[in-house]
Every structure is written in structure tokens, then in C-alpha cells.
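Here's the structure, in C-alpha cells; my notes come after.
The values are calculated or read from the model by the stated rules, or taken from the named source; none is laboratory data. Since the structure is predicted, the reported quantities are computational estimates derived from the model, not experimental observations. With ideal geometry, Cβ positions are generated from the backbone for all residues, glycine too; neighbour counts draw on all protein chains shown.
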């Protein structure tokens, strides 16, 4: 009980710190005068269109080739939330960057909307390599990836079987498999897991017969006295002007929420299995000192082979690293990719 109380108080302090700075340094919708943006779309291996934003440094020279970085958004989000910010900042550093919508989300193909299929999420990154590697201004031997939150685990899953991804960085990573099987800090019991699986299986009957789709997890739409510190942390980003974004044609009540019947697919998702085989390609794990997701970056770091680095941002929580530009270590990312994506 004391441990739970201590954890709750710690998380509340994290949240208080996050909110107090949010209005001054949160810049999710950052724009740059030195970067040109193009909307793009390209097929994945299964002929489904992946939507993206291509960020081009304005000082690019005709006839030269450039290193590139793919950026994946947090789970349940879209490229306009965090991914575009990272892509813009890295384009300012001289990289061509590409933010993408994972399949079933945002502007990318996939029905039903908000469905969970981890293998296809990972495929989105390989499809992005296909696209970038066939552009005349890209050096296809120098393509890296940044995965934010859940996309960290999807980018790792892709890199294990796609050696064209030459350098992998994750930020505030969630292992979406472990998070759904075990909960944070292994708080979910086996019986609770089995109950979720059983309920999701029954929901398949409902949807097969044309019944209403049920959604799960994601970010709450209102706060109450019972709202947890983590719920409040996500609410501050996804449900306020700080980071709220509803793609055209999307029901605001379903944004960030996966379909319940498909979400159990995550329980069969093991992105860290064989993660050491990514070596000798380098990996950088960035997490906040106070992030509730820190366990996932630390776990991956222990499992992966060299070269590797775990970079802990002092004073930062999980969502802080989505958009708080004074905390996000863009200089660290720049140095990492300039070292390992050398021309």
C-alpha cells in the first residue's frame, strides 16, 4: 500500500511539473521557415496506401543525395501529434525526414479505423524505406528511424527484419506487447489478462453480426476526481489545444482509441525478442527520468547488443518528450544520426 501511495504521489508531482511548463515550452505544431513540407502517399507491401509528410531542408542542392529519417507517431495518435515536430526539427539539422501515419490511423489506409495489427504497423516503416530509398535525392544506405511511444516498439519490430534501417532511436518508448500483457510495472494479473481476452473474443461476435464497434484504452475525454495522474498527463496533450488533432472524417470520440476486439493482438506482440540481432546497427533509447514508461526503454537497453545508448532526460515525464522543446534532446538525436548516417 505504501508503495502504491508513493508511486501515486510521484506521478502527481510529475504531472504538476509537466503542466506548469506546458504553456511556455510545448510546441507540438512547430513550423520552420527553413523546411519545405510535401504531402506524400505510397503503398506498403500489401498495396495499402501509407500517408506521410516529407520534410525537405530548403538549402538542398540539386544532384546531391541526403540521409533520411522516418518518424513514427505515438500509439493512437497521428503524424500531426509529435511526429511532425520531430521531423521538422531533424530536417532543420539537414536530414530529409518523413513522418508517417500508421496503417488504420490518420490518412493511411486500413479498415476498420483504429484497428490494431502490430505487424502491419511495423510494415509501415519498411514501406517508408521503400519510398525514401527510391527518391533520387536520398542516399538509401543512410536511412534511420525515430519511433515515439508505441512507434518505438513498431520501429524495432521493423528493424529486426529490415536491415535497410541503419540507425534506430526511440523516444518515450512503450513496448505495446508487454504493456498490454502485463500492464505498467506488471500490475495486470494473468486472470485479468484472460478476462480481457475472453471479452474481446465475445465482442468479435457482436461486430461480425454488424453490431456497434467497441473501443478501448486511449485518452479519457474528461477528467474527474478519480482520474489517475497518467490519465491527466495524456489528457493535457491529447484533449487540449496543446496537441489535440482530429483527422478529417474522424469521430472525435474515437481519436486515440483502438478497437477493443483487435487490441488483444498486442498480447501476441514481442518486439524485444531477438532485439540483439539488430546489432551492429546502433540503437539509442531516450526516456524521461520520471516517465511512467521508463521501464520499457531500460528493458530494451539491457537486451540489445552494442552499439547502444540509454539517454535519460532529467526531470522529464513520458508526454513531456512528445512536444516540450526545451526538454527534448534534439542535439542528442542530431549527433546520433550524424555519426551513424554518415554520407
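Given the condition surrounded by 11 or more Cβ atoms within 10 Å (Cβ to Cβ) and within 18 Å of the chain's Cα centre (by Cα), answer yes or no: does some residue in the range 184-203 qualify? Checked the range 184-203: at least one residue is surrounded by 11 or more Cβ atoms within 10 Å (Cβ to Cβ) and within 18 Å of the chain's Cα centre (by Cα).
Tally up the residues in the range 38-68 that are within 13 Å of residue 84 (Cα to Cα) and free of Cβ contacts under 8 Å to residues at least 40 places away in the same chain, please. Full working, then the answer.
First, the residues of the range 38-68 that are within 13 Å of residue 84 (Cα to Cα): 38-39, 51-56.
Remaining after also requiring free of Cβ contacts under 8 Å to residues at least 40 places away in the same chain: 38-39.
Of the residues in the range 38-68, 2 are within 13 Å of residue 84 (Cα to Cα) and free of Cβ contacts under 8 Å to residues at least 40 places away in the same chain.
For the range 105-144, the candidate set comprises residues that are touching a helix residue (DSSP H, G or I) at 6+ places or on another chain (Cβ under 8 Å) and in a strand (DSSP E or B); within that set, the residue that is surrounded by the fewest Cβ atoms within 10 Å (Cβ to Cβ) is 140. Selection over the range 78-104 of residues that are out of contact with any strand residue (DSSP E or B) (no Cβ under 8 Å at 6 or more places or on another chain), surrounded by 24 or more Cβ atoms within 10 Å (Cβ to Cβ) and farther than 20 Å from residue 58 by Cα gives a count of 2. Scanning the range 204-216 for residues that are surrounded by 11 or more Cβ atoms within 10 Å (Cβ to Cβ) and either at pLDDT below 95 or not in a loop (DSSP other than H, G, I, E, B) (or both) gives 204, 206, 207, 215.
One residue stands out in the range 253-262 among those that are in contact with a helix residue (DSSP H, G or I) (Cβ under 7 Å, 6 or more places away or on another chain) and part of a helix (DSSP H, G or I): the one that is surrounded by the most Cβ atoms within 10 Å (Cβ to Cβ), namely 261.
Every test in (1) closer than 25 Å to residue 181 by Cα; (2) in contact with a helix residue (DSSP H, G or I) (Cβ under 6 Å, 6 or more places away or on another chain); (3) surrounded by 14 or more Cβ atoms within 10 Å (Cβ to Cβ) is passed by residue 291 save one, and that test is (2). If you filter the range 230-248 down to residues that are touching a helix residue (DSSP H, G or I) at 6+ places or on another chain (Cβ under 9 Å) and outside any helix (DSSP H, G or I), you find that the one that is nearest to residue 172 (Cα to Cα) is 243.
Can you tell me which residue is farthest from residue 158 (Cα to Cα) among those in the range 32-52 that are assigned to a strand (DSSP E or B) and in contact with a helix residue (DSSP H, G or I) (Cβ under 6 Å, 6 or more places away or on another chain)? Full working, then the answer.
Filtering the range 32-52 down to residues assigned to a strand (DSSP E or B) leaves 35-43, 49-52.
Filter once more, so that each one left must be in contact with a helix residue (DSSP H, G or I) (Cβ under 6 Å, 6 or more places away or on another chain): 35, 42, 50.
Numbers: 35: 28, 42: 17, 50: 15 Å.
Within the range 32-52, the match that is farthest from residue 158 (Cα to Cα) is 35.
What is the residue count in the range 244-295 for residues that are within 17 Å of the chain's Cα centre (by Cα), under 18 Å from residue 328 (Cα atoms) and touching a residue at least 60 places away in the same chain (Cβ under 8 Å)? Residues meeting the conditions: 9.
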